[in-house]
């Protein structure tokens with residue numbers, strides 16, 4: 001289902017935040033482990049290629065017969081297409097079908113600041129800002145719930161959790177690697 005972006009006004013600035021993000025939209029990063037399955041090839045080749053691969057420090061996975069394929073920065077569907085293209089382009093297979101899955105237990109969201117148990121929260125595709133804070137034990141008595149910072153890809157967004165509680169549709173779906181920082185209130 002396609003949803004239009006939501007627009008929030010925070011202080012005097014305008015900040016765009018996507019309403020919903022699918023797990024498959026999450027870009028792979030160096031160190032991520034993926035599960036790759038291949039179909040449409042002889043069974044002995046299926047066994048050779050199907051397996052776990054780790055994105056190396058340069059952003060590539062190293063595959064049999066084709067070598068390195070860029071994975072960092074790509075989402076699940078884009079990586080599937082890139083691997084299929086590598087096998088077709090190298091004239092290794094004429095019609096391979098690639099399926100990429102991500103073991104979500106290897107991906108996290110960090111929650112820090114004025115929460116009861118600052119920690120890494122295991123990423124799931126339906127994890128939201130409020131859900132991650134709850135998983136970290138909730139707010140302390142001195143937390144500023146109106147100025148929670150969500151840091152993603154080098155940028156920060158302010159999230160008003162009190163507004164989220166009164167209107168749950170404002171809660172933001174998280175991505176692996178997101179960081180949530182809860183400041184202390186200065187009454």
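Observations on the structure shown:
- Scope region 30-87; condition touching a helix residue (DSSP H, G or I) at 6+ places or on another chain (Cβ under 6 Å), closer than 24 Å to residue 176 by Cα and without any contact (Cβ under 8 Å) to a residue 24 or more places away in the chain; matching residues: 69
- Within region 140-157, the set of residues being closer than 12 Å to residue 111 by Cβ and in contact with a helix residue (DSSP H, G or I) (Cβ under 7 Å, 6 or more places away or on another chain) comprises 148, 150.
- Where helices (runs of 4 or more DSSP H) sit wholly within region 43-146, those with at least 1 residues that are under 18 Å from the mean Cα position of the chain (by Cα) occupy 76-89, 129-135.
- From the list 129, 159, the one residue that fits, being under 27 Å from residue 78 (Cα atoms) and at pLDDT 90 or above, is 129.
The values are calculated or read from the model by the stated rules, or taken from the named source; none is laboratory data. On a predicted model such as this, the values are computed, not experimentally measured, just so you know. Cβ: placed from backbone, ideal geometry, glycine included. Neighbour counts: every protein chain shown.
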